[in-house]
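> Once you've had a glance at the structure underneath, I'll fire off some questions.
Every read-out reported here was derived from the displayed coordinates using simple, explicitly stated rules and does not represent laboratory data. This structure is a prediction, so every number in the text was calculated from the model and none was measured. Because the Cβ atoms are built from the backbone with ideal geometry, glycine has one as well, and the counts that use them run over all protein chains shown.
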Amino acid sequence: TSSKTTGISDKESIATVDFEVVNKSFYNYWDPVFVVLVYRGDSVIAATKTTLKGINTGEVKTESINLFQAIPSGAQLQIVPDINILDPSVFKGFSNTSGEKK
């Protein structure tokens, strides 16, 4: 599973983070969790998490979350999947395709 930041908008003290998740794995997931980290330099200045309502092999989903604080210009975003691959309950099943878009 990979993710890509597509935009940040800032309205007073609420910032909206939009990102796209592409499931390139062979697995279908029930409710994958993603952690959103905001950095200024090497320091984390904000963190939150979001849960998708399932994602299948090859599927692309766009997620939008609000951070209830302003994001300073020049801040860096990192979006990290938080999926325990050792827990069989996170998987819907297995797909016999590569997960790549065709």
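> What trypsin sites (Lys or Arg not before Pro) does segment 28-86 have in DSSP loop regions with at most 10 other beta carbons within 10 Å?
Listed in order of number, the matching sites are LYS53.
> Evaluate the distance, in nm, between pseudo-label points positioned 7 Å from the Cα of LYS92 and of LYS49 along their respective Cα→Cβ axes.
Placing both labels 7 Å beyond Cα along the Cβ direction yields 2.1 nm.
> Please compute the net charge surrounding ASN56, taking Lys and Arg as +1 and Asp and Glu as -1 over other residues with Cβ under 12 Å from its Cβ.
It works out to a net charge of +3.
> Per-residue HN-Hα couplings for segment 36-47, Karplus 6.51 cos²θ - 1.76 cosθ + 1.60 at θ = phi - 60°, whole Hz, x for Gly and Pro?
Here the 3J(HN,Hα) series is 10, 10, 10, 10, 10, x, 9, 9, 6, 10, 7, 8 Hz.
> Modelling each spin label as a point 7 Å along the Cα-to-Cβ direction, I'd like the ALA70/VAL35 distance in nm, to one decimal.
Roughly 2.8 nm, to one decimal.
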